[in-house]
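The values are calculated or read from the model by the stated rules, or taken from the named source; none is laboratory data. All figures in this text were calculated on a predicted structure; none of them were measured in a lab. Positions of Cβ are backbone-derived with ideal geometry, glycine not excepted, and every protein chain shown enters the neighbour counts. Side chains are part of the model used for accessible areas, which takes the heavy atoms of the whole protein and leaves out ligands, DNA and RNA. Shrake-Rupley method; radii C 1.70, N 1.55, O 1.52, S 1.80 Å.
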Amino acid sequence: MWIRLKRNLKEKKSSSLYLLLIVGVTVFCVFYLSSLAVAQEAVSGAPSVTLSLGEGSSERFSVAIQILILLTVLSLAPAIFIMMTAFTRIVVVLSFMRQAFGTQQSPPTQVLIGLALFLTFLVMAPVWQQVNTEALQPYLEEEISQQDALDLAMVPVRNFMLKQVREKDLSLFVKIAKLPQPKNPSELPTFTIIPAFMISELRTAFQIGFLVFLPFLVIDIVVASILMSMGMMMLPPVMISLPFKLILFVLADGWYLIVGSLVKGFA
């Protein structure tokens, strides 16, 4: 009798649980379908943009597609900023300087990148001002078309890159692309100028990095030879030479020399 009563209680509990589960799923489906309907109404009532693809044909893009296109452009912006500006040379030289000190985290990476960014803004300010004056403002005032604005905006950027690039690097990428020999720089396509500018900037950065390394390397050699002559072979020479490197850098006003030479190198 007691066993039967237990079984009846278990069956009642299981049936009540199933009933609650069915009610919960039903309520969830109702709320989910209603939220979908509201979302569809909101999307249908959202503003859209009409893009003309030719005579008599047009496509409508919703706000979601516009946001997707904007995010795609923003994702390419860091690569464009690194490849077509002075950022590469500056950040490579600053990283060489930190390695010459022998410190792994001082100055921190965030500080070096921030300094490189602001120095890049300083160097590229005349170029961006020319782009704003000749391309962006006329386009915003609807005086020129979008294609004309892009063409005008690329002119000062191309001129900046051509001032820093080597002819040897340009000829290399022209040969790789199997293009005819251009008669003047205006005939060079942009996709050959950008990689040539990149390797030219890396070459210049490595040359400056070599000059930055030399005085610190001399200090390391002198300290290591002194420790060897004193029989202190177990003492790391970097630990002893680091204070001398720091005092030499401060007395020579190293930040002024390095930053000044980097910025003046783009003049």
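Some observations on this one:
- Rounded to whole Hz, the Karplus (6.51, -1.76, 1.60) HN-Hα couplings of region 210-219, x for glycine and proline: 5, 5, 5, 5, 4, x, 6, 5, 4, 5
- Surface analysis of region 177-267 yields an accessible area of 66 Å² per residue, using protein heavy atoms and a 1.4 Å probe.
- Rounded to the nearest 10 square angstrom, THR133 shows an accessible area of 90 square angstrom against a 1.4 Å probe.
- The alpha carbon centroids of region 222-267 and region 124-140 are separated by 43 Å.
- Remark: region 90-203 projects, on average over all directions, an area of 9.3 nm² (convex hull of Cα atoms).
- Phi to ³J(HN,Hα) by Karplus 6.51 cos²θ - 1.76 cosθ + 1.60 over region 159-172, Hz, x for Gly, Pro: 4, 5, 5, 5, 5, 9, 7, 8, 5, 4, 5, 5, 5, 4
- Stokes-Einstein translational diffusion, region 143-236 - Kirkwood Rh over all Cα pairs, 0.890 mPa s, 25 °C, in µm²/s: 144 µm²/s
- The 3J(HN,Hα) values that the Karplus relation (6.51, -1.76, 1.60; θ = phi - 60°) gives for region 109-114 are, in residue order, 4, 4, 5, 5, 5, x Hz. Gly and Pro appear as x.
- Probing with 1.4 Å while keeping every protein chain in the model, the per residue accessible area of region 92-168 equals 61 Å².
- With every protein chain in place, region 167-249: carbon and sulfur % of accessible area (1.4 Å): 77 percent
- 13 Å beta-carbon shell around VAL92, net charge (K/R +1, D/E -1): +2
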